[in-house]
Amino acid sequence: MASVLSLDQKVNIPESSSGSWRIERFTVSEDEARFESMRAAISGSSRYVPAGTYTRLMCGSILVMSDTPDEIRDHWEPIRQSHKRGGHVLICGLGLGVVLDRILQSDNVTRVTVIEKSQDVINLVGSYYEAKFGNRLEIINADAYEWIPPKGIKYSVAWFDIWDDICSDNLPEMQKLHRKYGRKAEWKGSWCRHMCERGR
């Protein structure tokens, strides 16, 4: 089994579309990667995309998620927490399924429940992982802010990843989700929350 934290372990979902959503491959050339690396260094950022071919999830012209090394790295902590704690994990936001795929690679994790607002995303991504993981994976078409967990259910980890970009404007929504699921999960985290706080 490949390391669950490998930055070059990309998704294998086929290219397809549903409604305004689509999954597509894209390639970053060596020249483009060098340019992005220099631009990141000048701006004081460590985020850039190395040369290679990747997969991205698009909604119209908006990039929602990709399987680039930086985005995979963003999910290390919920993966680590899930493997350490095991049990039942809650994920809000399906995306490309990068985090759920790596979480379910641990036999310690008995089940993952994913809350995804877009049925189109479920159509594109959900069936691929349901076929791979069977009844260890449950995907629910619902809004994370409105969905109510079943009575008596407790999660070892709750991970919130429903934002398209890293922005301090996301912080109130993160706080709302952390409060909502506060007593339902032992550990909670939100995508790039520390970077949003620095930006504020």
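The values are calculated or read from the model by the stated rules, or taken from the named source; none is laboratory data. What you see is a predicted model; the values in this text were computed from it and never measured. All Cβ positions, glycine included, derive from the backbone under ideal geometry; neighbour counts span all protein chains shown. For the accessible areas, the whole protein counts, side chains as well, though only heavy atoms, and no ligand, DNA or RNA atoms are used. Shrake-Rupley method; radii C 1.70, N 1.55, O 1.52, S 1.80 Å.
Brief remarks on what is shown
- Highest-MSF residue in the chain out of Asp164, Asp70, Asp31 [GNM, Cα springs under 10 Å]: Asp31
- Using alpha-carbon coordinates, inclination of helix 171-180 to the longest axis of the chain, degrees: 20
- Per-residue ellipticity at 222 nm from helix content only, as computed over the chain with -39500 (n - 2.57) for each DSSP H run of at least four residues, stands at -8000 deg cm²/dmol.
- Across the chain, C-alpha contacts under 8 Å between residues 6 or more apart give a mean separation that, scaled by the residue count, equals a relative contact order of 18 percent.
- With both labels modelled 7 Å from their Cα along Cα-to-Cβ, the Leu171 to Ser43 distance reads 2.0 nm.
- Straight-distance crosslink candidates among lysines, where the alpha carbon sits under 27 Å from Lys151 and sequence neighbours closer than 8 are dropped: Lys84, Lys117, Lys176, Lys180, Lys184, Lys188
- Listed peptides 83-95, 51-63, 148-160 appear in the order 83-95, 148-160, 51-63 once ranked by packing, highest mean of other Cβ atoms within 10 Å at the front.
- Those residues of segment 169-199 whose amide nitrogen sits under 18 Å from the label point placed on Ile148, 7 Å along Cα→Cβ: 177, 179-185
- Signed unit charges on C-beta, dipole axis of segment 111-200, positive-most listed residue Phe133, Pro149, Ile162: Pro149
- Globularity index of the chain, i.e. its alpha-carbon radius of gyration over 2.2 N^0.38 Å: 1.01
- Summing Cβ point charges (Lys, Arg +1; Asp, Glu -1) relative to the Cα centre of the chain gives a dipole of roughly 980 debye.
- Heavy-atom accessible area per residue - the chain, 1.4 Å, Å²: 51
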